[in-house]
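Bear in mind these aren't lab numbers, they're just calculated from the coordinates by the rules spelled out. As the structure is a computational prediction, the values presented were derived from the model and not from experiment. Cβ placement follows ideal geometry from the backbone for every residue including glycine, while neighbour counts extend to all protein chains displayed.
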Amino acid sequence: MYRRQGGDLTTSFCRISIRHKRPLPLTQTNMAVHIIIDGYNLIRQSFRWGMLEALDMQSGREALLEDLARYKRKKAHRITVVFDGGDAPSFMPHNDRVRGIRIKFSGPGETADALIRKMTRTSREKALVVSSDREVVQWSSQNGAATISSPEFEDRLTQTLSGMEGSPNEEELSGWKPTTVKKGPSRRLSKRDRKNLSKIRKL
């Protein structure tokens, strides 16, 4: 405090402290996406998981969840696997969590696709939907979620688990191939595709 006196007048100059909120640290957690997996679609698009499921459905699910748990130890993403409830064992709860992986079976009269749509509406732009089902992919994309095909996600997961993560560029993920033949202006990814690519790069 600084004080100046003159006659009966006293003027005080006080320093005013202003509190600023500290920004949240940019950690791996708040950068993470919510990976919503079409469980049976991913299993049946995979040779290894599909072979196990053909022998025993529970074995296919367990093998997938085991690999996802290992993947989650390397990546901080939230992961939910959605299965059709009609194929759930009688002892299996509709909602469960195994080694950090959230498992959801659709309820009576509900399909896994409908449950994925419901979850996508909640997560919106944080969601990355793993499926090769055309309707699921189209609906998710139109409602703000990023999407990746089941085989491509399996490839990314396998690379991560083997320690051979790559950094594919935009052309590799979009299917565009460079050419020396000039056919007009170069193709530029749309805003939606750029957002999709940004989420995929975090896998």
Highest mean packing first, using Cβ neighbours within 10 angstrom, the peptides 70-77, 42-49 sort as 42-49, 70-77
Length gained if K195 through T122 is fully extended, taking 0.36 nm per residue and subtracting the Cα-Cα distance, is 24.5 nm
Checked against a 24 Å limit on the C-alpha separation, the offending pairs among K74/K118; K74/K191; K75/K199; K104/K191; K75/K104 are K74/K118; K74/K191; K104/K191
